[in-house]
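Following: one structure in structure tokens, then a few remarks.
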Amino acid sequence: MANPANTVAAPGAPDRAATDMAAIVKDAALFALVTFGLCIPIVAFRTDLSQTSSLDLVPRWGLVAILCGLVFVGRLAQRLVLANRDARRALTPSPAQATEAVHAEPNASQKISGYALPAFLGVTLAFPLLAVLGTGGLGESRYWIDLGILILTYVMLGWGLNIVVGLAGLLDLGYVAFYAVGAYSYALLSTVFGLSFWVCLPLAGLFAGLWGMVLGFPVLRLRGDYLAIVTLAFGEIIRLVLINWTDFSGGAAGISSIPRATFFGVPFTADEDGFAAMVGLDFSPMHRVIFLYYLILTLALITNGVTLRLRRLPIGRAWEALREDEIACRSLGINTTNTKLTAFALGAMFGGFAGSFFAVRQGFVSPESFNFLESAIILAIVVLGGMGSQIGVAVAAVAMVGGPELLRNLGFLKAVFGDGFDPSEYRLLLFGLAMVVMMIWRPRGLISERSPSIVLKERKRISGSLVKEGHG
């Protein structure tokens, strides 16, 4: 054992550490300076309408100072964390360079993630009860249950897109088109032909899946950026058709008075043949809202179950082979045409189911509800959660959809940023910030590991450091 007294520090180590720290502080100050320059034309002044109907410039230098300080501290913390990580990596050889076996078992957080899906299921099942107990009444819980419905809708959309992007590796920027096809399918079938929700729901999924195959045929030979451009154009084409084909879709005015969903034929009304009278309860409009919550929860769980089952089937393994290397996939005799078409069709089908639910919940659909921003949000949920990770997509949906709503209820933010502060106005800024932070600290997503599709002896969770792009 070496004597600590005989240990000699490397010459110049303190000077080098001081130089690195000075460089880190200088870099953080430069970021703060750039932020200050950007804030002058955007944040530093606010225009208010005075009593004489003239515009007055109200300075907000305090807010500028807060933003510059946050950027300085954030950049400083980032550089320190990265420097510490690089130092640890320098002391630990990688598995490819090591001459001895390197311990590559998943860490504690990766092992805990195996219990995340059952915990998520338990919370979602009990969420309406928790909302009622927390707010003190059924009517008072309307806001939180509506928020839960919105989050679960994006969870389902994220799981549907995860088939295309996360498993098959096909970048789709026009996923909102299938969402729109499902919504308009239910709206037209119910208002024109008088079909019920339970008949229109599978039809909406089939129509959306058909359009997924229609999109899949022209893009069979495309990948990467070119595929993203074509899918983006497809989403915009669908939206423009819905706006301009007024005889079919109602144009920009949309379709209103869409029939509501029933409990398998029993309406949620105060009549004697209503749901409340059938089960012996006092009538409340919240019965329909709670029913819609558990309906979208059931649809989301079906999406998750089908995806997990398909992942273990030959088609799921073909998707993953296509994602990793299309040339190697073809050399193994896998039909890449059918593989791509099934990914597009199944992902679009689940998007159609979600669109049908959106129409029955809102009672009104219009093309403005299906713009490119919706596709960007769904794709960001998949990327931030971890492509190929089901629980990661669910966590990202909760953070990105529920986060701005939760910030709106934090009173101290208005004390800091002013009474007119509304977090929803900074939604895109928060999305961009989240993407930048994830690219720096978690480039493979929140959860970058998963269980293997096939095992020989013992099933173990695979660490993202040992998997190409952390997909599995």
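Scoring Leu49 on the criteria (1) open to solvent by 90 Å² or more (accessible area, probe 1.4 Å); (2) closer than 21 Å to Leu433 by Cα leaves a single failure, condition (2). Return the residues of region 120-149 that are open to solvent by less than 40 Å² (accessible area, probe 1.4 Å) and in contact with a Phe, Trp or Tyr (Cβ under 8 Å, 6 or more places away or on another chain); say none if nothing qualifies. Matches in region 120-149: Pro128, Ala131, Ile145, Gly148, Ile149. Just one of the numbered conditions (1) open to solvent by 60 Å² or more (accessible area, probe 1.4 Å); (2) outside any loop (DSSP other than H, G, I, E, B) is not true of Arg221: (2). Whenever a residue of region 298-314 is over 15 Å from Asn162 (Cα atoms) and assigned by the TED database to the domain that holds Leu157, its partners that are buried (at least 18 other Cβ atoms within 10 Å of the Cβ) and aromatic (Phe, Trp, Tyr), lying with C-beta atoms within less than 6 angstrom and at least six residues away or across chains, give the pairs Leu299/Phe353. The set of residues in region 264-282 being in contact (Cβ under 8 Å) with a residue 12 or more places away in the chain and either over 36 Å from the mean Cα position of the chain (by Cα) or not in a loop (DSSP other than H, G, I, E, B) (or both) consists of Val266, Ala270, Phe275, Met278. Only one of Ala261, Ala276, Ala228 is within 25 Å of Leu161 (Cα to Cα) and surrounded by 15 or more Cβ atoms within 10 Å (Cβ to Cβ). Can you tell me which? Answer to the check: Ala228. Exactly one residue out of Ala343, Ala359, Ala354 is open to solvent by less than 50 Å² (accessible area, probe 1.4 Å) and more than 28 Å from Met435 (Cα to Cα): that is Ala359. Between Leu227, Leu220, the distinction of being touching a residue at least 60 places away in the same chain (Cβ under 8 Å), assigned by the TED database to the domain that holds Thr342, out of contact with any strand residue (DSSP E or B) (no Cβ under 8 Å at 6 or more places or on another chain) and over 28 Å from Thr124 (Cα atoms) belongs to Leu220 only.
From the list Leu189, Leu171, the one residue that fits, being part of a helix (DSSP H, G or I) and assigned by the TED database to the domain that holds Ser284, is Leu189.
Taking the criterion of being open to solvent by 60 Å² or more (accessible area, probe 1.4 Å) and over 26 Å from the mean Cα position of the chain (by Cα), would at least one residue in region 307-318 satisfy it? Yes - at least one qualifying residue is present in region 307-318. Ala318 meets each of the listed conditions (1) small (Gly, Ala, Ser); (2) without any contact (Cβ under 8 Å) to a residue 60 or more places away in the chain; (3) within 30 Å of Glu140 (Cα to Cα) apart from (3). The condition (being under 24 Å from the mean Cα position of the chain (by Cα) and farther than 14 Å from Ala354 by Cα) is satisfied by just one residue among Leu215, Leu189: Leu215.
If we scan region 449-467, do we find a residue that is open to solvent by 70 Å² or more (accessible area, probe 1.4 Å) and at pLDDT 75 or above? Among the residues of region 449-467, not one is open to solvent by 70 Å² or more (accessible area, probe 1.4 Å) and at pLDDT 75 or above, which makes the answer no.
Residue by residue, here is whether (1) at pLDDT below 85; (2) in a loop (DSSP other than H, G, I, E, B); (3) within 22 Å of Tyr179 (Cα to Cα) holds:
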position	(1), (2), (3)
Phe357	no, no, yes
Leu373	no, no, yes
Ala376	no, no, yes
Val398	no, no, yes
Ala415	yes, no, no
Phe421	yes, yes, no
Ser424	yes, no, no
Ala434	yes, no, no
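You will find that of Ala204, Ala252, Ala208, the residue that is assigned to a helix (DSSP H, G or I), touching a Ser or Thr at 6+ places or on another chain (Cβ under 8 Å) and open to solvent by 60 Å² or more (accessible area, probe 1.4 Å) is Ala252 and no other.
Just so you know, in region 185-201 the residues that are of a type in the set (Phe, Trp, Tyr) and open to solvent by less than 70 Å² (accessible area, probe 1.4 Å) include one that is modelled with the lowest pLDDT, and it is Phe197. For region 122-138, filtering for residues that are assigned to a helix (DSSP H, G or I) and out of contact with any helix residue (DSSP H, G or I) (no Cβ under 6 Å at 6 or more places or on another chain) leaves 8.
The values are calculated or read from the model by the stated rules, or taken from the named source; none is laboratory data. The model shown is predicted, which means the values in this text are computed figures rather than measured ones. Note that each Cβ is placed from the backbone with ideal geometry, even for glycine, and that neighbours are counted across all protein chains shown. Protein only, heavy atoms only, side chains kept; ligands, DNA and RNA dropped before computing areas. Shrake-Rupley method; radii C 1.70, N 1.55, O 1.52, S 1.80 Å.
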